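The values are calculated or read from the model by the stated rules, or taken from the named source; none is laboratory data. Every value quoted in this text rests on a predicted model; they were computed, and no experiment measured them. No Cβ is skipped: glycine too gets one built from the backbone with ideal geometry, and neighbour counts run over all protein chains shown.
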Amino acid sequence: MHTAVNLQSGARQAHLPKSGRQAGFSLIEILMVLVIIGFSVNLVTYTLSDDMEEELEREALRLHSVINMASEFAILNQIELGFHLDKKKLEFLVFDGEKWTTFEAEELYQAVEYSDEYKIVLTTEDLAWAQDNMLEQANWRELMSSGDEESLLELKKLKIPQVLLLSSGEVSAFQLSLELEEDSEPVYFVEGEFMAPVNLRKEPEDS
């Protein structure tokens, strides 16, 4: 009888939890969890960054294509076009023989306003290729006016294009840069030298 009692007592003791497992997670386990969390956060960050760069590339390609299509439209329809950048709003304009007005021939050429994620800058001065551009050597504002002083003064008050896309295929010298506000690279450049089409390049270039 004593033997049976001892066996049952031993069985009950065998099922008792070990005191060493009541301490919770070990330091190694906690560190492993922190490493996994950190990796997951970085993975999400890299994914978002890649998505933004892809969107930037699409916007640059769209900008390049629309400007070239506007230039082709000007040539085919023998009209004078241009565009104006005000902060982050790019707007196409058309010369109606007296003044510049918003170009609304097609939905494609509607004004585009870039969101806060983008930085867009227009440069029309001190460009290396500008000295060879005939439009830079002439006062094209006077060419577009009727010639009298009153008309020229009125023209200066109106919204006028900073860049011309003429029916002859000529383009006034310009450089448009497009990049993300939070990242200095990559930067896309849309550049007009003398004749259409305008060019698109990226810095740094893909390796």
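Some notes on this structure:
- Here region 188-197 is the region considered, the condition is being among the hydrophobic types (A, V, I, L, M, F, W, C) and within 23 Å of residue 52 (Cα to Cα), and the residue that is surrounded by the fewest Cβ atoms within 10 Å (Cβ to Cβ) is 189.
- Flag for residue 70 being buried (at least 19 other Cβ atoms within 10 Å of the Cβ) and either assigned to a loop (DSSP other than H, G, I, E, B) or modelled with pLDDT of 85 or more (or both): yes
- Criterion applied to 56, 76, 61, 81 was being surrounded by 13 or more Cβ atoms within 10 Å (Cβ to Cβ) and either in contact with a Phe, Trp or Tyr (Cβ under 6 Å, 6 or more places away or on another chain) or more than 20 Å from residue 201 (Cα to Cα) (or both), and the one residue passing it is 81.
- Residue among 146, 151 that is in a loop (DSSP other than H, G, I, E, B) and at pLDDT below 60: 146
- Any chance residue 200 is among the hydrophobic types (A, V, I, L, M, F, W, C), surrounded by fewer than 19 Cβ atoms within 10 Å (Cβ to Cβ) and touching a residue at least 40 places away in the same chain (Cβ under 8 Å): yes
- Count of residues meeting criterion [part of a loop (DSSP other than H, G, I, E, B), under 22 Å from the mean Cα position of the chain (by Cα) and more than 15 Å from residue 161 (Cβ to Cβ)] in region 93-122: 5
Conditions (1) of a type outside the set (Ser, Thr, Tyr); (2) farther than 24 Å from residue 123 by Cβ; (3) touching an Asp or Glu at 6+ places or on another chain (Cβ under 6 Å), marked per residue:
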site	(1), (2), (3)
83	yes, no, no
86	yes, no, no
97	yes, yes, no
101	no, yes, no
105	yes, yes, no
108	yes, yes, no
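- Checking the stated criteria, residue 86 turns out to be of a type in the set (Asp, Glu), exposed (fewer than 14 other Cβ atoms within 10 Å of the Cβ) and under 20 Å from the mean Cα position of the chain (by Cα).
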